[in-house]
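Have a look at the structure below before the remarks.
The values are calculated or read from the model by the stated rules, or taken from the named source; none is laboratory data. Source: prediction; values computed, not measured. Virtual Cβ from ideal backbone geometry, glycine too; neighbours counted across all protein chains shown. Note: areas computed on protein heavy atoms with side chains; ligands, DNA, RNA excluded. Shrake-Rupley method; radii C 1.70, N 1.55, O 1.52, S 1.80 Å.
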Amino acid sequence: MDAGSQLFAVDPLERHAARGHGVVTSMAAGSDVIVLGTSRGWLVRHDFSFEDAHDLDLGAGRSGDHSVHRVFLDPGGKHCIATVVHQGGAETYYHHARWPRPKLLPRLRGLLVNAVAWNRQSITEASTKEVILGTETGQIFEMAMDEADKREKYVKPLFELTEKEGIKALQMETAVVGNAMRYYVMAVTPTRLYSFTGIGSLEAVFTNYSDRVHFMELPGEIPNSILYMTPSELHFFIKQRRAKHFGWLSGSGIYHGELNFGAQHSSTSGDENFVENKGFFDYSKLGDSGVKPRSFALSEFHFLLLIGDKIKVVNRISQRVVEELVVDNTPDISRGIIGLCSDASTGLFYAYDESSIFQVSTSDEGRDMWQVYLDMNNYAAALSHCRNPFQKDQVYLVQADAAFAAKEFYIAASFYAKMNYILSFEEISLKFIAIGEQDALRTFLLRRLDNLTKDDKMQITMISTWVTELYLDKINRLLLEDSTGAATNALAEPSNSEYRSIVNEFRAFLSDSKDVLDEATTMRLLERYCITFDLYDSVDFSLFDLHP
């Protein structure tokens, strides 16, 4: 991909999406299906896999105003829950993709449902299995629906917040523990994030919190004015049907972290049991004084923040704004973008206004993550996101230069040896020669040998010969420094541990390299260095086992 191209793109997907049933008030997506709620109490189902649309009237036979408050769609695009608000209160409906009309859920009559969490691991096309619902009065319910029964199997209360704050969003994940099921549930109000976890049934899990509840509270309150109101949203990023990390859009910023559902956790000690690497994104980093997002979506590496009719893309690792997308809505028929939503099954994101749907897509949002992690000195993560050897070389270069500057020359030598493109073999060698670091140079050459293949025979012989000379030079320098200096056998009478170690290391190197070293050249080097110290006659060259 062109390094200068955008990571995300936004394009109109469907104009006049409400199909004449009022204006769009809510939207949900799953498996290439989008369901819209309208101001006249209709659900409009767009199935883009079949280029089909289906209209459902939730207010049939009712007079007066009735508007869809929220609509929820499971990841498979089959199960839909919607709440309608009218003069008599609120009503909640369930609809299956195969049904000609939705079904009223009488046990939820009068309750304003703000949030729904699906059990992604258990849900099937025919059955919702357990579903969690959150209401404006702080209640959490569990329900289940089967397509064949055409009515709810049960609706039962699970929990109620003592503060009576409205639950704005819910998320649920499950994991098998032995023969049992562990549940992880997050719920958010405008100012708090609640965490619930336990083994067994959902009812058993929430019973454990009857006398205590774990929550995290962020400072500041959300103003009541609609013009300035920041919704409280909670999203999980799903990859291969598993939640990997979460983000909570609150009034003061975005609280986020990675999710680890595989570890063993106690049942009631809160989100610290399954949330790791927590972070907080302050809205001041957006650069817009006092402006807060109205909605957001969570991708693998980014936050998509709706501000006005623009979507600001923030890298969640670096917390920097990397792009700004302008949504091409039509001002004369729209009062602006209402919100964002995501389709976990397809990896697509959507923006919507009162009449249109816009698709937000990315083809390679992880393209620059190696550089992001490198800028943060997270070298392991940077390497794991490199796409080619040139990027890896840049990571090794930063590590090598940092070690070199810190005079950690052996470490620097190891990193320089991994490079193949940015710096040449000669350039790296000269760096160590210039400062007289022959030991580090030897380390570099040895590591470079490890990275060469049998096809590099000429280079292997050349480097091995140079290493031999450096070993001999090191041995002779140690002899010069040796206070005894009168050794009668350079190899049989070592006087210190470093000397013994380097001689043993040299023996091993010669033995390993006998097939690539030129015998005549190596013997001349041995003779020259030993004669220099008048030791030639006392050295037994058979010890080096040069002959194959």
Q.
Just to check your reading of the model, which residue among GLU136, GLU173 is open to solvent by less than 10 Å² (accessible area, probe 1.4 Å) and of a type in the set (Asp, Glu)?
A. GLU173
Q) Which members of the range 290-304 meet the condition of being under 17 Å from SER250 (Cα atoms) and either outside any strand (DSSP E or B) or of a type in the set (S, T, N, Q) (or both)? A) GLY290, VAL291, LYS292, PRO293, ARG294, SER295
Q) Across the range 211-245, what is the number of residues that are among the hydroxyl-bearing types (Ser, Thr, Tyr) and at pLDDT 85 or above? A) 1
Q) Regarding GLU354, is this residue touching a His at 6+ places or on another chain (Cβ under 8 Å), open to solvent by less than 40 Å² (accessible area, probe 1.4 Å) and either among the hydrophobic types (A, V, I, L, M, F, W, C) or part of a loop (DSSP other than H, G, I, E, B) (or both)? A) no
Q | Counted residues, the range 447-458 - those being part of a helix (DSSP H, G or I) and exposed (fewer than 14 other Cβ atoms within 10 Å of the Cβ) | A | 4
Q: Among what's in the range 406-446 and is polar (S, T, N, Q) and either assigned to a helix (DSSP H, G or I) or in contact with a strand residue (DSSP E or B) (Cβ under 7 Å, 6 or more places away or on another chain) (or both), pick the residue that is surrounded by the fewest Cβ atoms within 10 Å (Cβ to Cβ).
A: GLN438
Q | Given (1) farther than 23 Å from ARG241 by Cα; (2) of a type in the set (D, E, K, R); (3) outside any strand (DSSP E or B), index of the condition GLU125 fails | A | (1)
(Q) Can you pull out every residue in the range 201-221 that is in a loop (DSSP other than H, G, I, E, B) and either of a type in the set (D, E, K, R) or farther than 17 Å from SER252 by Cα (or both)? (A) SER201, ASN208, TYR209, SER210, ASP211, ARG212, VAL213, GLU221
Q) If we scan the range 190-200, do we find a residue that is of a type in the set (A, V, I, L, M), open to solvent by 40 Å² or more (accessible area, probe 1.4 Å), part of a strand (DSSP E or B) and more than 29 Å from HIS46 (Cα to Cα)? A) yes
(Q) Can you name every one of the strands (runs of 3 or more DSSP E) wholly within the range 1-56 that holds 1 or more residues which are open to solvent by 50 Å² or more (accessible area, probe 1.4 Å)? (A) 8-14, 42-47
Q: Given the conditions (1) under 28 Å from HIS245 (Cβ atoms); (2) in contact (Cβ under 8 Å) with a residue 12 or more places away in the chain; (3) open to solvent by 30 Å² or more (accessible area, probe 1.4 Å), report the number of the one that ALA117 does not fulfil.
A: (3)
(Q) So, in the range 140-185, how many residues would count as being more than 19 Å from ARG120 (Cβ to Cβ), in a strand (DSSP E or B) and in contact with a Ser or Thr (Cβ under 7 Å, 6 or more places away or on another chain)? (A) 0
(Q) Here's a check for you: in the range 508-525, which residue that is open to solvent by 60 Å² or more (accessible area, probe 1.4 Å) and assigned to a helix (DSSP H, G or I) is nearest to ILE460 (Cα to Cα)? (A) ASP512
